[in-house]
Amino acid sequence: MSDDNHELEHVAAAEPIADPGLPEHLPRPTDVDPVMEKRAERQVATLFGLSSVFAILTCVAYFSLNIGGHPTVFLGMGASTVALGGCLGLALLAIGIGAIQWSRKLMSDHEIVEYRHPAASPQEDRDEAIAALEVGIAESGIGRRPLVRNSLLGAMATLGLPAIVFLRDLGPLPGNKLAHTVWARGMQVVQDVDGAKIKPEDMEIGQLVNAEPEIFFATNSEGQPVIEGTALLQAKAKAAVILVRMHPDDIKALPDRRNWGIDGILCYSKICTHVGCPISLWEQQTHHLLCPCHQSTFDLADNGKVIFGPAGRHLPQLPITLDADGYIVAQSDFTEPVGPSYWERDRSNLT
Amino acid sequence: MSAPAASNGTTPAATAKPNPAGAIANWADERLGIATSAKKQIRKVFPDHWSFMLGEIALWSFVILLLTGVFLSLWFNPSMGEVVYNGSYDQLRGIHMSEAYASTLHISFDVRAGLLMRQMHHWAAMLFIAAMLVHMMRVFLTGAFRKPRELNWIIGGVLLLLGILEGFAGYSLPDDLLSGTGLRIADGLVKATPVLGSYMSFFMFGGEFPGDQIIPRLYTAHVLLIPGLILALIAAHMLLLVYHKHTQWPGPGRTEQNVVGYPMMPVYAAKAGGFFFIVFGVVALMGGLMTINPVWRFGPYNPAEVTAGSQPDWYMGIAEGLLRIMPGWETHIWGITLSWNVFLPGQVAPMVLLGIVLGYPFIEQWVTGDKREHHLLERPRNAPTRTAFLAAMISVYGLLWAAGGNDILATQFHLDLNTITYFMRGAIFIVPPLVFIIAKRWCISLQRHDNDMLLHGYESGVIMRDADGGYSEKHLPLSEEHAYRLTARNRDQVYTGVSGADANGVEAPNARVDQLRARLSKAWFASNVQKPTKEELEEGHHHAELEHEHEVPLEGHAADGHQFDGRHDVVGDDLTHKH
Ligand code: HEM
Ligand code: FES
C-alpha cells in the first residue's frame, strides 16, 4: 500500500471507561398516549392544510395586486412582491414544519445501527483488478510498440492546438489602443451632463467639474451622434476627465507642466490608476481627490501624485488651453496611457 | 421492498397484480434492476446533529437557485445592445441602457412575481455561499476531512470557489452601475497579469472594456457552464458521502466501526425533505420582505460614473479588503510594468488561499503522521492546533472583510480612513498569531476542565464546610454516559521520525525533512492534555470519596447536592446525607 507506512508507536493505556453501549430507547409521549398521538396527528394535518390556504392566497395576490409604477409602497417594495413572498413563504414553511413535526412525533424514533467497512477494496479484489489491467495492457501491446504509443501521444497533444487556436477570435489584439483616448489638440472640454462648453470664468476656486470631450455630444450632418453605443462607452471609459480650479499659488506643477493649466484650472483623467474606477470625491481644502473604490488619494495640486492607498501611479494630467472663443480645450491627447497598469504600458507608442 | 418479481429475465413476471405502485416498481426493476441497490439505501442510516444541517442548507439553496434562475432566464435578455427604456419605472423612462439592464427592470416591475424571484435568487445565492462556508468550517473543526474523506473536502473547496465565481457572474448580469463597476475592477485585475494582461482583457471583453460581449459570455457561464460543474460536483459529493457513510459524534454505542442514527426512509427523508421546504420558505419570505440589489436605484452602467460607498456582495469582501490595504507597489523596469499592488492581492493571494484550503488535510496528515481512517468526529478542543489555526484564519477573514468596508467604518464611526487602513495593514500580521495563541490555550484549558470533571466530578454549586472550618465546593460524579463521551477520543501520538542519523553517522537521504516533520509534529501536539488513564481515574474517584468522609455530618442538614442542580425536587426530601 503506502510506501511510508510507519506504524506509529502505540501508547498502550487501557481505555479509562468501557463503552456502556447504546442507551435504552425511551418512548415519547406520542408513543404511549393515544391522546397525544391524536393531537400530533391533527397538528401535522393542520399545518399541511394551512399550506394549501397560503398557496391559494398566493394566487389571489398574483391576480389582484398591481405591480409596476409603485415599487416602494411597502418596505421599499410593491405590495405585490410583499404579498406574494409572504404567502408563498408561509405555504412552504407550513409544509416543512409539518413534515418535521410528523417525523419527530409520529414516525418511529428507534435509532438503528449500520456497520462500516474500510473504504479500500479487499486485497484480492485489488490483485484481480491489477491482473486484469495488466492483461489488457499486454494485449494492447502499448508497451511493446513505442512507435504507436508515442505517435498517439503526439497526436493527442497536437489536438490541443486547434482547441486553443479556436479561441483566437474572442477579441482583437490590444495593439496600441490602451495608449490613446479620443482627446486631441483643440477638442473642447465640456460638462458631462449636457455637453455645455466651459469658460474659465464659469469656475470658482475650489470647484470641480465632471467633464468629457466635446466629441461625445457631436452629431454629423444627418443629426446622428458621431460616437454612440459600445464605441461611446469604450471611449468614455478612458476619456472621462475632471476639471478643478485651485488657487494658482497652491499648485506645484512640474517644470514641463507649467503651461498645462489656465489660471489654476487643471484637467486630470477621471480613471483611477489602480484598477480603473472613475474617481469622484473631491476635498476642496486639501486638493485631494479620493477614489471611492479602494480609497487611493491623489493630490491634484501636486501633479496628481498618489498620497495614500493602493494606486501605484499618479493620475494622468490632460494639458489644456483656451481656444479662440475663450473655451477650455485640450492641447493634445494624454501624454501617457490612462487607467490601470498593464505589462507593456511603458513601451506604449504614444505618437 | 417486497418479494422480488418471479422472473428470470426471459419469462415475464407473473406476480398477481398487487397494486399500482407495486406494478410500477416491478416494471422499473425488470428494466433497471434497482432493487439490489435500493434494498441497502432505503434504510440507510443517517446520524443526527444540528451541525449536519449546514451542508443541507447549501444543497437546498442550490436547488432554489436552479428553480428561481430558470424563471428569471425566461425574461432576462443577456445583450449589451442599447435601447431606450419605456417600462413602468418612471424615473428611468427615456434613458439609454443595455437590453440586459432594461430586461432586469422589466422583470422587476412588469413581470408579476418577477421582483420576488430576483430577490429570492439573490438571497439564495448569499445563503448558498454562506452555508457552504460555515459547513466547511464545521467539517474542519470536527476533523471530518480526515481519511478517507479528503477527496470530499477537495470537492467541497472547489464547490465554494465555483459558487463564488457563479455569484460574481450573476451579480454582473443586470449591467447596472454597481455591477459594471465590479466588472471594471475585474478588468483591472486581469490587466495586471504579467505578460498577458492586456491580451486577456481584450479577449475577455471582446475588445476594449466594456465592449458588447461580456454580458452574453457571462450569461453562458452563469446558466450553463458553472451550474453544470456545480451539479456534477454536488453529485460526486453526495455519492462519496453515501459510500463513506456519515461521520458521527462518539458516544455510548457509537464507535469507529458503526454508524447509529435514523433510517433514510422514513425519518431522514421526512426531516431533510421538510427542511428543504423550510429553507425555501425562509428564502421566499426574505425575497418578499427584504430588498436586495435594487438595481433601479443605481441606474444603467456608465463608465464615467460611480457611487460612493459602493460595495460588492459580501463574499467578495475579503478580496476587496486585500485590494484596499495593499500598499501601492509597482515596478517599472526594462519598459515593463509589474503591478504588485494588484497582482499580489488580486491573483496570487486567492490562489495561495485556495492551495492552503485544498491541501490542508494532507498537510495535517503529514505533520501528525496519522494515516488511520476516522469516522468519529473530534471535539474542536481536542485538536487545539487545528482549532486555533481556524480561529486565526477567521480573524484574517474578519480583518480583511472589515478592511473591505473601511470607508463605511470611517463614515459610520467617524474614524479617519487612512488610520483604519494603516491599522489594518499592521493588524493583519499581528492579530492572527495572537488569536492562534489564545485559541490554543483556550482549547487546552477546556481539555483540562474535561479531565477535572472526569477525575473529580462536576461542580454542584453546593458549598461544604469541613471540620476545620474551611470551605469547599461539592463535586458530584458524572453520569457514566457523559464520562464515556469525554473519554471517547484518541490519545495524541507525536510523530518522532523514522531514523535520525544511523549508527555510522550517515544521515538517511531525507533525514532533514523527517526531522522537520518530527519537530512540527511535536509543536502540533505540544501541551495538549491527554485523557486520564484507568488508574488515574480510579485514583481520582478514590480521592473524592475520602474527601466525602471528611465532611462534617450535619444532623439531617447535609444535602446530596441534587436538590440544587435540578435533578430532583427538594420538596419532601428529608435532606439526610446519602453516601
Ligand atoms: C450556484 C448557483 C447560482 C448563484 C450563486 C447565482 C447568483 C446570481 C446572482 C447574485 C444574480 C444577480 C441577481 C440580481 O440581483 O439581479 C444572478 C442573476 C441571474 N441568474 Fe443566477 N445564480 C445561480 C444559478 C443560476 C441558474 C442555475 C440560473 C438559470 C438557469 C440562473 C439565472 C440567472 C439569471 C437569468 C440572472 C439575471 C436576472 C436578473 O438580473 O434579473 N442563475 N444569479
Ligand atoms: S480603483 Fe481607485 S483605488 Fe482602486
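Could you grab the relative contact order for chain B? Cα pairs under 8 Å, six or more apart, rounded to a whole percent. Intermediate results must be reported in sequence, preceding the final value.
Values: 701 pairs, mean separation 82.9, N = 579.
Relative contact order here is 14 percent.
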Select from B:S472, B:V435, B:W334 the residue farthest towards the positive end of the dipole of chain B; place +1 on Cβ of Lys and Arg, -1 on Cβ of Asp and Glu, and compute about the Cα centre.
B:W334
Which aspartates and glutamates, if any, have their Cα less than 19 Å from the Cα of B:K371, not counting same-chain residues under 8 positions apart?
A:D3, A:D4, A:E7, A:E9, B:E150, B:E256, B:D492, B:D514
Distance between the range B:420-497 and the range B:286-322 - C-alpha centres, whole angstrom
44
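What's the carbon and sulfur percent of the range A:125-169's accessible surface, probe 1.4 angstrom, rounded to a whole number?
Numbers: 2780 of 3920 Å².
Within the range A:125-169, the accessible surface is 71 percent carbon and sulfur.
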If you take the accessible area of A alone, add that of B alone, and subtract the area of the pair, what total do you get in Å², probe 1.4 Å, to the nearest 100?
9700
Would you mind pulling out the separation of the Cα centroids of the range B:372-407 and the range A:193-220, in Å?
53
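I'd like the carbon and sulfur percentage of the solvent accessible area for the range B:103-146, probe radius 1.4 Å, heavy atoms only, ligands and nucleic acids excluded.
Values: 790 of 1040 Å².
Solvent-exposed carbon and sulfur of the range B:103-146 make up 76 percent of the total.
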So how far, in whole Å, is the C-alpha centre of the range A:251-326 from the one of the range A:31-69?
63
Going by a 1.4 Å probe on protein heavy atoms, which residues of the range A:87-126 end up with at least 50 Å² less accessible surface in the whole assembly than in their chain alone?
A:L92, A:L93, A:I100, A:M107, A:E111, A:I112, A:E114, A:R116, A:A119
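What is the range A:182-347 by shape, rounded, prolate or oblate, if you read a ≥ b ≥ c off the alpha carbon gyration tensor as root eigenvalues and call it rounded for a/c under 1.5, prolate for a/b larger than b/c, and oblate otherwise?
Details: a/c = 1.67, a/b = 1.19, b/c = 1.40.
Since a/c reaches 1.5 but b/c is at least a/b, the shape of the range A:182-347 is classed as oblate.
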Out-of-range pairs (alpha-carbon distance over 18 Å; input A:K177/A:K305; B:K39/B:K245; A:K105/B:K44; A:K105/B:K271):
A:K177/A:K305; A:K105/B:K44
Run the dipole for the range A:116-167 about the Cα centre, Lys and Arg Cβ at +1, Asp and Glu Cβ at -1, nothing else charged, and hand back the magnitude in debye, nearest 20.
320
Hey, rough spin-label estimate for A:E134 and A:A155, points 7 angstrom out along Cα→Cβ, what's it come to in nanometres?
2.9
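Taking the range B:306-372, which chymotrypsin sites (Phe, Trp or Tyr not before Pro) meet the DSSP loop condition and have no more than 12 other C-beta atoms within 10 Å? Spell out each step's value before the answer.
Numbers: sites: B:W314, B:Y315, B:W329, B:W334, B:W340, B:F343, B:F362, B:W366; in loops: B:W329, B:W334.
Those that pass, being in a loop and sparsely packed, are B:W334.
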Hey, can you find the accessible area per residue of the range B:21-144 for me, probe 1.4 Å, expressed in square angstrom?
44
Are there any residues in the range B:223-253 with a reduction of at least 30 Å² in accessible surface when going from the isolated chain to the assembly of protein chains? Probe 1.4 Å, please list them by number.
B:Y243, B:K245, B:P252, B:G253
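At 0.36 nm per residue, and after removing the present C-alpha to C-alpha distance, how many nm does the segment from A:K38 to A:E336 gain when stretched out fully? All intermediate terms of the calculation are to be shown ahead of the outcome.
Numbers: separation 298, 0.36 × 298 = 107.28 nm, distance 8.18 nm.
So the chain would gain 99.1 nm between A:K38 and A:E336.
Loop-only check: which trypsin sites (Lys or Arg not before Pro) in the range B:307-414 are DSSP coil with at most 14 other Cβ within 10 angstrom? Before the final figure, lay out the partial values.
Numbers: sites: B:R324, B:K371, B:R372, B:R381, B:R386; in loops: B:K371, B:R372.
The qualifying sites are B:R372.
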Once you put a point 7 Å from the Cα of A:S221 and another 7 Å from the Cα of B:K40, both along the Cβ direction, what distance in nm separates them?
8.3
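Using the heavy atoms of the protein chains alone and a 1.4 angstrom probe, what is the accessible area of chain A per residue in square angstrom? Working shown, then result.
Working: 19210 Å² over 351 residues.
It amounts to 55 Å² per residue over chain A.
Does the range B:279-424 come out rounded, prolate or oblate, given a ≥ b ≥ c as the square roots of the eigenvalues of its C-alpha gyration tensor, rounded meaning a/c under 1.5 and, failing that, prolate meaning a/b above b/c?
Values: a/c = 2.05, a/b = 1.29, b/c = 1.59.
It comes out oblate by the Cα gyration axes.
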Under a point-charge model restricted to the Cβ atoms of Lys and Arg (+1) and Asp and Glu (-1), what is the dipole moment magnitude of the range B:287-410 relative to its Cα centre, in debye to the nearest 20?
340
Chain B: DSSP helices with Cα axial extent of at least 24 Å and average Kyte-Doolittle hydropathy no lower than 0.5
B:53-73, B:114-141, B:150-172, B:226-244, B:269-289, B:349-368, B:384-404, B:417-456
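Ignoring ligands, DNA and RNA, what percent of the accessible area of the range A:254-311 is carbon or sulfur (1.4 Å)?
On the way: 870 of 1820 Å².
About 48 percent, which is the carbon plus sulfur part of the accessible surface.
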Given a 1.4 Å probe, show me the residues in the range B:470-492 buried by at least 50 Å² of accessible surface when comparing the whole protein assembly to the chain alone.
B:Y484, B:R491
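Probe of 1.4 angstrom, ligands and nucleic acids ignored: what's the accessible area per residue over the range B:327-394, in square angstrom? All intermediate terms of the calculation are to be shown ahead of the outcome.
Working: 2890 Å² over 68 residues.
Averaged over the residues of the range B:327-394, the accessible area is 42 Å².
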As I understand it, the dipole of the range B:299-428 uses +1 on the Cβ of Lys and Arg and -1 on the Cβ of Asp and Glu, about the Cα centre. Which of B:L344, B:G398, B:G369 lies farthest toward its positive end?
B:G369
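Counting only trypsin sites (Lys or Arg not before Pro) that sit in a DSSP loop (anything but H, G, I, E, B) with at most 16 other Cβ atoms within 10 Å, what is the longest stretch of chain A containing none of them?
Working: sites that count: A:R116, A:R144, A:R185, A:K252, A:R258.
Answer - A:1-115.
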Estimated distance in nm for a label pair at B:Y422 and B:A467, the labels positioned 7 Å out from Cα along Cα-to-Cβ
6.9
Rounded, prolate or oblate: which one fits the range B:298-377, using the alpha carbon gyration tensor with axes a ≥ b ≥ c (rounded when a/c is under 1.5, else prolate when a/b beats b/c, else oblate)?
oblate
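The values are calculated or read from the model by the stated rules, or taken from the named source; none is laboratory data. A quick note: this is a predicted structure, and the numbers were derived from the prediction, not measured. Cβ coordinates were reconstructed from backbone atoms using ideal geometry, including for glycine residues, and neighbour counts include every protein chain displayed. Heavy atoms of the whole protein, side chains included, go into the accessibility calculation; ligands, DNA and RNA do not. Shrake-Rupley method; radii C 1.70, N 1.55, O 1.52, S 1.80 Å.
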